[in-house]
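No value in this document is a laboratory result; all are computed from the given coordinates. Everything quoted here is computed from the prediction, not taken from an experiment. Virtual Cβ from ideal backbone geometry, glycine too; neighbours counted across all protein chains shown.
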Amino acid sequence: MSEQTLNVALVGAGYISSYHLGALRALPQVRVTAVCDLDAGRASRWANANGIPNAYGDLGQMLSAEKLDAVHVLTPPQVHIQPGVQVLEAGVDAFLEKPLAHTAQGCQQLRDAAARSGRALGVSHNFLFTESYERMVADLRSGRLGQIDQVDIVWNKELGQLGGGPWGAWMLAHPRNILFEVAPHSFAHAMHLVGGVDDVSVDARDEVALPRGNRFFRRWEIRGWQGNTSVRMRFSFIDGFPEHYIHIRGTQATATVDFENSTYLCQEHTPQLLDIDRYINVTNTARDSMVQATGTLAKFVLGKAGLVKVAGPFELSIANAVRTFYDSRNGTIDERLGGELAYGAIELAERVAEAAELPEPFGPPSVTVVDDAPKPTVLVIGGTGFIGKALVRRLRETGHGVRVLARDPRNCPPDLLSQGVEVVKGDFTKIESVRPALEGITHVYHLARGFGNTWTEFLKYDVEPTKVLAELCIELGIERFIYSSSIAIYSAGKAGVTIDEQTQPVASMLQANPYARSKAENERILLELHEQKGLPVVINRPGIVLGKGGNPYHWGIAEWPYTSVCRLYGDGNNPLPIVLVDDVADGMVKMLDKPGIEGRTYNLTADPCITANEYLDELERRAGIKLRRVPMPGWRSYIEAVGKFAVKAVGRDPNAVMPSYADWNGRNFASVFDASKAQNELGWQPTRDRNHLVAEGIHAPADEFIK
């Protein structure tokens, strides 16, 4: 790499951008000067959070204003071509997140643009740059594996978007799109290892219908040949134990790369007798697995301690790809980054799609809209969420006209639209988008939560926008402002203690838990605005909310590091403050026009009758699964959290926060919640029948989510 400082910008402020930023900051000669996103607000937030000087909402403006050496295009696959060509034609090198484009024709457009401009074009097929994979390729090309008989490439990982969207994502818009979003990782491996695949045959199975009328196939098997080498690729996108590996059977040896565990194992014959040969192979692979696993863990610890800049296997693979691009951009681009391999991977994707003979999407579901829906007078912010959808349904059932503010109206469920709900685009963190939505509105529900992980982020994107929203409601004369807080503000770890609306949060817990702190701070500000400026606010604090449309792996029940493992809060034998989502919605509707309750708060919990262990018993029986339960006393969770904090503190992580024992111990719900105030003042009657709670709160979500 040149000794001259290189100015680099990022296009796209999504999930993958953080990894590219980390990789770039590991290169001493690179300076990231700008980020660009179609959503200028998101670009600005991302730039501020990551210490990047400039943010833009227009690529042309950024290319004109910044003196750039390279741009990383990190947009979704279907919008790679235009920005990639624009960057290259501006005389700037382009490094694109895989795939190069979503069509082979688009890939060629980008290659032609690079040739015309004389600029470097690279594609981040990052899994070609893991250390374990590079060792396999070295053995393959050295002849150690012999002639290749079979190549198996397996990607078995849950696709989270299938559980909750966003349903408007390009990846879900057509059954073939997954072949151009996720599958290029594996297609690139096939191209790199054997040069491509001929005679392709495909099985696409396990079809599911998505809410917007789209189809998706959750299991794929792709078979083909390269000469006499059999190539098989398998994809499964269901929940399960994750697997991502490549296995090569050669005439001299077998080789396996396990990307999930970051290991490479090669088995070959020794000079020993058969039984001894087998013993040596087993013990050698066990030794190699242990050594490599230890090294991976050591890198993780060193990364958390701040002693190495890039630590995790996935981060390392991207960092290696980025470093290789900058090392080779002024000469011959590494074959793994080059346009030829990238074109071949997408050309293979197109042949797979053709061989699969995929059906077209069903199309948007037909929605019969209520013709006589009343004019909206109630605005629901956060109406497309779990509780929000139940609230909107209940409001319509009681005859209210409803408008929903949504960041992406395309994700609004058809069953809400069918009820005559008006959906408008807006984001409560951008007050200019909320003001038009308040036209004709008399009552506002605020269920949305801002985004963030740190207190600084919650303050900027939740607390401050909530205050501005409330002040706007005062200005416009809104008759009632109903805010949804949470029982997370309480520490409920002491047996024999009853928690009601007068119970105060524990300061140390709020300091350690930015989500709970933001809820408590919002409550304080809203009640202060009520006292000083007459904000007609009513606050509710729902308990552990269950019901149809909810995730049965509920973090109010236990911690879920994996769907097969739950870490109980305490021993899991305390009755929980569970409440059904429809009951919460009913309570919130009762707050709409009950006179004289401005400035009051209400806990919304049912009578405790189900423990965490009983919940898990019912979930196991209904879903036909067995969960691994790990009791976690508060002190043990607290000590673990302190240990993590210490490692981060050593690494000078600015976001490291000292844990709170009250926070961890409070999650066992040894205390009892009192919701009698809502029952007495609002006439709210939550479900008390245990069998009904189990059926609606546990069995129904299990049927939807797991079965």
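One table, with the values for the structure above:
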item	result
Magnitude of the charge dipole, segment 73-181, Cβ model with Lys/Arg +1 and Asp/Glu -1, debye to 20	180
Peptide ranges 459-467, 574-582 listed from the most packed, as the mean C-beta count within 10 angstrom indicates	574-582, 459-467
Two-decimal log10 I(q)/I(0) for segment 267-391, as the Debye equation yields it once each C-alpha is a single scatterer, q = 0.16, 0.17 Å⁻¹	-1.01, -1.02
Dipole magnitude (debye, nearest 20) for segment 172-322, charges at Cβ of Lys, Arg, Asp, Glu	400
Extension gain, Glu559 back to Glu207 (0.36 nm per residue minus Cα-Cα distance, nm)	123.6 nm
Low-density loop cleavage sites - trypsin sites (Lys or Arg not before Pro) in segment 1-69, where at most 14 other Cβ are within 10 Å (DSSP)	Lys67
Sites matching GluC sites (Glu not before Pro) across segment 277-365 that sit in DSSP coil, with at most 10 neighbouring C-beta atoms within 10 Å	Glu357
Size of charge dipole - the chain - debye, nearest 20, with Cβ of Lys, Arg +1 and Asp, Glu -1, no other charges	1000
Integer Hz, Karplus 6.51/-1.76/1.60 couplings in order for segment 670-682, x for Gly and Pro	6, 6, 10, 9, 10, 10, 5, 4, 5, 5, 6, 8, 9
Unit charges at the beta carbon, dipole of segment 272-388: most positive-side option, Val322, Val301, Thr285	Val301
Karplus-derived HN-Hα couplings along segment 261-271 (A = 6.51, B = -1.76, C = 1.60, θ = phi - 60°), whole Hz, x at Gly and Pro	9, 6, 10, 10, 10, 10, 10, 8, 5, 9, x
Nonlocal amide H pairs with Phe216, under 5 Å, H built at 1.01 Å	Val208, Leu210
Cβ-based charge dipole, the chain, positive-most Cα from Trp635, Ile482, His244	Trp635
Square roots of 5 times each gyration tensor eigenvalue, C-alpha, segment 560-666, largest first, Å	32, 25, 12
Rel. contact order, % - alpha carbon contacts under 8 angstrom, at least six apart, the chain	11
For segment 278-290, 3J(HN,Hα) per residue [Karplus equation, 6.51 cos²θ - 1.76 cosθ + 1.60, θ = phi - 60°, Hz, x = Gly/Pro]	4, 4, 5, 4, 5, 5, 5, 5, 5, 5, 5, 4, 5
FRET E, pair Gln502, Lys375, Förster distance 30 Å, beta-carbon r, rounded to 0.05	0.15
Local electrostatic count, Arg215, Cβ distance below 14 Å [Lys/Arg +1, Asp/Glu -1]	+1
Spin-label pair Asn50/Asp689, simplified geometry with 7 Å Cα→Cβ offset, distance in nm	5.3
Residue-averaged [θ]222 nm for the chain, counting only DSSP H segments that reach four residues, each worth -39500 (n - 2.57)	-11500 deg cm²/dmol
Those trypsin sites (Lys or Arg not before Pro) in segment 527-628 that DSSP places in a loop and that have at most 15 other beta carbons within 10 Å	Lys626
Net charge of neighbours whose Cβ lies under 11 Å from the Cβ of Leu580, counting Lys and Arg as +1 and Asp and Glu as -1	-3
Leading residue at positive end of dipole, segment 228-275 (Cβ point charges), from His269, Phe259, Asn228	Asn228
Convex hull of Cα atoms in segment 1-116, direction-averaged projection (nm²)	6.8
